[in-house]
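The values are calculated or read from the model by the stated rules, or taken from the named source; none is laboratory data. Just so it is clear, the structure is predicted and the values come from calculations on it, not from any experiment. Every residue, glycine as well, gets a Cβ built from its backbone with ideal geometry; the counts of neighbours run over all protein chains shown. The protein model used for the area step is the full one, side chains on, heavy atoms only, and it has no ligands, DNA or RNA in it. Shrake-Rupley method; radii C 1.70, N 1.55, O 1.52, S 1.80 Å.
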Amino acid sequence: MKKARFYLVRLPIISITIFFFCCVTAALIHPGSHKEIIGYQSDYYSFTHNFLSELGSLQTNTDETNPAIIQKDNTPSMLLFNGSLILIGATLMLFYVNFKKVFGLIEDSSKSIFYSKITMPVGLLAGFFYAGVGLVPHDLHFEAHVFFANYAFLTLFILCILHSLTVYHSNSLSNNYVLGYVAFCIVLFIYLRIIFYGPQIGPGKIYSETDLMLQVIAQKSIVLTFMAAILHQVYGFNVLLNKKR
């Protein structure tokens, strides 16, 4: 139980805190960007015009084809963002390994234990994809980076459904935690529609400033919502493990 508490409660809180502060710091020291196609240029990171992945790029403006646009070194931001994202991926994997174990430890319902066993490998896959986003900066290999990013969120959607089914059939966790994750599933489904069927942003793509802002703001919104959803589940496990201690 002590080990489960660390991986289900303490480590997620530590990792999300580190990720948040690393993102803020990386954004503050980011040298800015130039997007010629929409006539945008800044010497700072923009919440509405820069993707999170731009914090993790090796250099700035690597998507631009105009040789007059200067590419600046982005190593400090890259190390902070990618390192913290890899930590999030590893934390997600460890969370769902112990997610499966804890329902057996507390001798929960057979259905809850069954769904937790199915949830675990999907959680490992989601964690792997998130770590992959950090391991492959978008200016190192754009296609691989987009693959990891898109399938991280797609796998997360399946994970949320299985997680919700596990908690729904639990005799120990309140269904309030199901409602929280179901709400996140709905928001995540909307985001998946945006990234797969919305305007495409990337090298060689033609897009407007509105298209860019839609994708950028949607990305940051889902990341913040995901962090809130995880912390809500962490609170539930903390209450549960306190009762069982």
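Computed quantities for the displayed model
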read-out: Residue list for segment 13-31, restricted to those being buried (at least 16 other Cβ atoms within 10 Å of the Cβ) and more than 17 Å from Gly134 (Cβ to Cβ); value: Pro31
read-out: Test result for Leu87, open to solvent by 50 Å² or more (accessible area, probe 1.4 Å), within 30 Å of Ser172 (Cβ to Cβ), outside any loop (DSSP other than H, G, I, E, B) and out of contact with any Gly (no Cβ under 6 Å at 6 or more places or on another chain); value: yes
read-out: Selection within segment 109-136 - within 24 Å of Ile16 (Cβ to Cβ), assigned to a helix (DSSP H, G or I) and either over 18 Å from the mean Cα position of the chain (by Cα) or of a type in the set (Val, Ile, Thr) (or both); value: Ser116, Thr119, Val122, Val133
read-out: Members of segment 137-180 that are open to solvent by 30 Å² or more (accessible area, probe 1.4 Å) and outside any helix (DSSP H, G or I); value: Asp139, Leu140, His141, His169, Asn171, Ser172, Ser174, Asn175
read-out: Selection within segment 124-143 - farther than 18 Å from Leu156 by Cα and among the aliphatic types (A, V, I, L, M); value: Leu135, Val136, Leu140
read-out: Scope segment 53-79; condition part of a helix (DSSP H, G or I) and crowded, with 18+ Cβ neighbours inside 10 Å; matching residues; value: Ser53, Glu54, Leu55, Gly56, Ser77, Met78
read-out: Residue under evaluation Ile190, criteria (1) of a type outside the set (Phe, Trp, Tyr); (2) closer than 26 Å to Lys220 by Cβ; (3) open to solvent by 40 Å² or more (accessible area, probe 1.4 Å); (4) at pLDDT 95 or above, criterion not met; value: (4)
read-out: Positions within segment 93-136 being closer than 24 Å to Leu52 by Cα, open to solvent by less than 10 Å² (accessible area, probe 1.4 Å) and free of Cβ contacts under 8 Å to residues at least 60 places away in the same chain, in sequence order; value: Gly123, Ala126, Gly127, Gly132
